[in-house]
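Structure first, commentary second.
The values are calculated or read from the model by the stated rules, or taken from the named source; none is laboratory data. Computed from a predicted model, the values in this text were never measured in an experiment. FYI the Cβ positions are ideal-geometry reconstructions off the backbone, even for glycines, and counts take in every protein chain you see. Surface accessibility is based on the protein's heavy atoms, side chains included, excluding ligands, DNA and RNA. Shrake-Rupley method; radii C 1.70, N 1.55, O 1.52, S 1.80 Å.
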Amino acid sequence: MTDRIAILGGGTGGTVLANNLADRLALEIDAGDVEVTLINDDPDHVYKPVWLYVPFGQREPADGRRPLRDLVDDRVDVAIDRVTEIDTDAKELALRDGSGPLGYDHLVVATGSTLADDEIPGLAAGGHDYYSESGALALRDELLSMTEGHLVLSVVGTPHMCPAAPLEFVFMADSWFRQRGLRDDIEITYTYPINRVHGNPQIGEWADPIMAERDINTETFFNAESVDPDAKTITSMEGTELDYDLLAAIPPHRGVDVVDEAGLGDRGWVDVDKHTLEAETADNVYALGDAATTGVPKAGSVAHYQAGVVAQRLESEIRGRPATATYDGKTLCFIETGMDAASFVEFDYENPPSPAPPLREAPLVEAGVQRVLLAHRTGVALR
């Protein structure tokens, strides 16, 4: 009997997992004993970190797109379709464009994050994001036309993709405006929902003096409640109101509806064991990356490391051995601290982050970024 593995989502986690499984189970796949199917609703693999650089003219959206088929091992079947229902009892997936249900023996949910700016009145009309391709392009136009005024970066929703990206944006904006001789005429304010500038206390403590040194205002314990696009104000639940000329906002995030409808979790996130990544409410289901509720950041490196764990566990299960591989919470991130500098942080469940001092060697920074980008695109293991 053929073991059927279905991977739902062709982002970083799903793509790396598919390639990892193709390597580990090559003999079984070639013999017809295992089938691996990757399902994605876009023919392209989209590398979302590129969008941070688009507003500053450092990248184009096309730099973050590659045909998914070109990145995935030929042993993997790629289905460009949308899953409309997950039936964990029957072990079937309903497809929007498919001829019938797709059965599976093992399912991996890697559906990522979606933006939910409609949850905050006025946010869609009054704010700009760089967490989507269209948002990054619109924000680029706004930044290019800005020569004076008040730029507000508001973290409206948490958790969100790439927790360091809000800090990176204000650091890069500060540097970008200074390079253009405009910084004295532009005020920058950063808001965060809790009483520090980042959810992680160590990263918040590291960022505070950098913000003070660069005259970046901070408004903590600011939970955005509404945006008035006409008056150009953003108001918090705590009663604070900020005027802005340009609002860059990190919208609330959620997962996909089919996860909720399948009873796998809330807000589209799959409840999992944070070490094994197994779903808590269904058998033979794993989740990884943004879709998994492990308590670690929603970051590409997390999806990458988790994909390796899930691949090892599936290999063991299919070969009739106990699955012993576990995820230790490992996370690796570069943090841009300007247009020509970056920091680096690595941590896990047991060891808190300790960001390195900003490095001002552009070639080294670029080399580090390209190494991570290459790893995500090809499935080569990060070290």
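Hey, does region 256-263 have a residue that's touching a Cys at 6+ places or on another chain (Cβ under 9 Å), of a type outside the set (A, V, I, L, M, F, W, C), outside the structural domain of residue 144 (by the TED database) and in contact (Cβ under 8 Å) with a residue 12 or more places away in the chain? No, the conditions are met nowhere in region 256-263. Does residue 180 satisfy the criteria of being at pLDDT 95 or above, open to solvent by 40 Å² or more (accessible area, probe 1.4 Å), basic (Lys, Arg) and more than 24 Å from the chain's Cα centre (by Cα)? Yes; evaluated as a whole, the condition is true for this residue.
Would you say residue 198 is within 21 Å of the chain's Cα centre (by Cα), over 24 Å from residue 7 (Cα atoms) and open to solvent by 30 Å² or more (accessible area, probe 1.4 Å)? So residue 198 does not fit the description; no.
Picking from residues in region 206-231 that are of a type in the set (A, V, I, L, M, F, W, C) and more than 26 Å from the chain's Cα centre (by Cα), the one that is nearest to residue 167 (Cα to Cα) is 212. Of all the residues in region 26-41, those that are in contact (Cβ under 8 Å) with a residue 12 or more places away in the chain and either open to solvent by less than 40 Å² (accessible area, probe 1.4 Å) or not acidic (Asp, Glu) (or both) number 10. Would you tally the residues in region 328-347 being closer than 15 Å to residue 170 by Cα and open to solvent by less than 30 Å² (accessible area, probe 1.4 Å)? Total meeting the criteria: 7.
Candidates in region 214-262 are the residues that are exposed (fewer than 14 other Cβ atoms within 10 Å of the Cβ) and of a type in the set (Gly, Ala, Ser); of these, the one that is farthest from residue 200 (Cα to Cα) is 231. The residues of region 57-94 that are in contact with a Lys or Arg (Cβ under 8 Å, 6 or more places away or on another chain), surrounded by fewer than 18 Cβ atoms within 10 Å (Cβ to Cβ) and not in a loop (DSSP other than H, G, I, E, B), listed by number, are 66, 84.
Of the helices (runs of 4 or more DSSP H) entirely within region 122-206, those holding at least 1 residues that are free of Cβ contacts under 8 Å to residues at least 12 places away in the same chain and within 27 Å of residue 13 (Cα to Cα) occupy 133-145.
For region 270-304, filtering for residues that are open to solvent by 40 Å² or more (accessible area, probe 1.4 Å), over 21 Å from residue 86 (Cα atoms) and charged (D, E, K, R) leaves 1. Reported count of residues in region 137-161, each being within 22 Å of residue 225 (Cα to Cα) and open to solvent by less than 50 Å² (accessible area, probe 1.4 Å), is 11.
A single entry from 367, 311 fulfils the requirement of being open to solvent by less than 70 Å² (accessible area, probe 1.4 Å) and either assigned to a loop (DSSP other than H, G, I, E, B) or modelled with pLDDT of 90 or more (or both): 311. Confirm whether residue 267 is crowded, with 18+ Cβ neighbours inside 10 Å and either in contact (Cβ under 8 Å) with a residue 40 or more places away in the chain or not assigned by the TED database to the domain that holds residue 124 (or both). So residue 267 does not fit the description; no.
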